[in-house]
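These notes concern the structure reproduced below.
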């Protein structure tokens with residue numbers, strides 16, 4: 001879904017031509033601020049139809065971090081040009097601009113250097129491989145080397161990502177223990193260890209980017225190396241109606257800490273579709289900055305694996321287990337169950353790890 005904001009009748013006419021699922025917002029009616037706030041909190045793409053200056057001024061108070069801001073694009077009201085303004089790579093603004101340009105027979109104006117020069121983009125690599133970015137400021141160092149035509153050294157286990165067709169000419173494994181990598185792809189245990197060393201609680205959401213990077217630098221993390229980490233943990237949750245965030249999150253934190261699983265590694269929260277508007281789960285998704293996925297009872301029944309059945313749950317929602325099945329579906333083929341059904345009086349949680357990408 002895209003929020004499309006226009007300011008003229010010509011803008012409205014163009015907005016209606018966009019075939020994607022969309023919410024049309026008349027910027028003349030005074031509801032713009034509320035919609036911008038929602039878009040940045042929920043990472044909903046924004047499309048402005050009008051002057052880029054208007055769009056820039058409106059979004060400026062909400063901009064926080066290139067790794068978390070939503071995609072923002074801008075179009076002229078004649079539909080000639082589509083310009084990504086914010087979060088071109090991770091948020092997908094470049095991709096969205098190109099898609100809408102094709103749909104409207106317009107021209108996408110892409111300005112990011114790695115795209116213009118058709119070279120390696122670290123944030124796209126991370127996004128496509130399900131990796132989080134620990135120190136985003138190092139992206140510019142890596143990008144500068146790629147733009148200069150250098151092959152980037154990568155420390156990673158396993159190394160299969162380095163040989164993907166789109167990346168193998170840009171990346172190579174580090175050669176020996178003495179070579180310092182340009183990119184280090186780290187696992188859960190290393191991540192927990194370094195966050196602890198930096199005074200960051202690994203079982204809480206990561207602090208905002210600049211605070212985090214300062215703490216990591218003080219702990220000895222090089223700002224010349226880009227550290228990526230696996231986001232491969234899928235959490236399935238079941239709960240009683242109106243169970244609050246303040247009851248769900250502490251239980252999740254306890255489970256993650258007991259299993260020594262870093263909270264930053266969570267890729268999604270999932271449940272049954274009748275819980276799609278459950279405030280505690282919606283707020284959990286928002287606090288972690290991850291998607292909230294929901295499945296119908298029939299979809300949950302098709303999950304593969306062995307799950308602990310509950311006749312009571314089946315009588316209530318039509319399937320014998322919600323949390324394990326939802327986590328298994330989100331994790332996909334080759335997933336590994338890390339935590340079976342754990343429960344309190346009002347909450348059930350299960351955790352799966354995705355298989356190798």
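FYI, it's all coordinate maths here, none of it is from the lab. A quick note: this is a predicted structure, and the numbers were derived from the prediction, not measured. Please note: Cβ atoms are built from the backbone with ideal geometry, for glycine as well, and neighbour counts cover all protein chains shown.
Taking the DSSP beta bridges with both ends in the chain, the antiparallel portion is around 35 percent.
Legend: ranking of residues 247, 278 from fewest to most surrounding C-beta atoms inside 10 Å; resulting order 247, 278. Summarising the strand pairing of the stretch 2-111, around 20 percent of its internal DSSP beta bridges are antiparallel.
Which ordering of 111, 32 is given by a fewest-first count of other beta-carbon atoms within 10 Å?
With the sparsest Cβ surroundings first, the list reads 111, 32.
Projecting label points 7 angstrom from Cα along Cα→Cβ for residue 8 and residue 273 puts them 4.2 nm apart. Sequence-distant contacts, meaning Cα pairs under 8 Å at least 6 residues apart, place the relative contact order of the stretch 150-281 at 25 percent. When Cα extents along the principal axes in Å is computed from the coordinates, the matching label among (i) 59, 57, 36; (ii) 60, 57, 43; (iii) 76, 46, 40 is (i). Most tightly packed first, judged by the mean number of other beta-carbon atoms within 10 Å of their residues, the peptides 209-218, 266-275, 319-328 read 319-328, 266-275, 209-218. Between the stretch 245-277 and the stretch 127-196, what is the C-alpha centre distance in whole Å? Here the two parts' Cα centres lie 28 Å apart. Length gained on full extension, residue 1 to residue 296: 104.2 nm, using 0.36 nm per residue less the C-alpha separation. Applying 0.36 nm per residue to the separation of residue 344 and residue 37 and subtracting their alpha-carbon distance, the gain on full extension is 107.1 nm. Ordered by the count of other Cβ atoms within 10 Å of each Cβ, fewest first, 36, 104 give 104, 36. For the peptides 129-140, 301-312, residues were scored by their other Cβ atoms within 10 Å and the scores averaged per peptide; the highest-first order is 129-140, 301-312.
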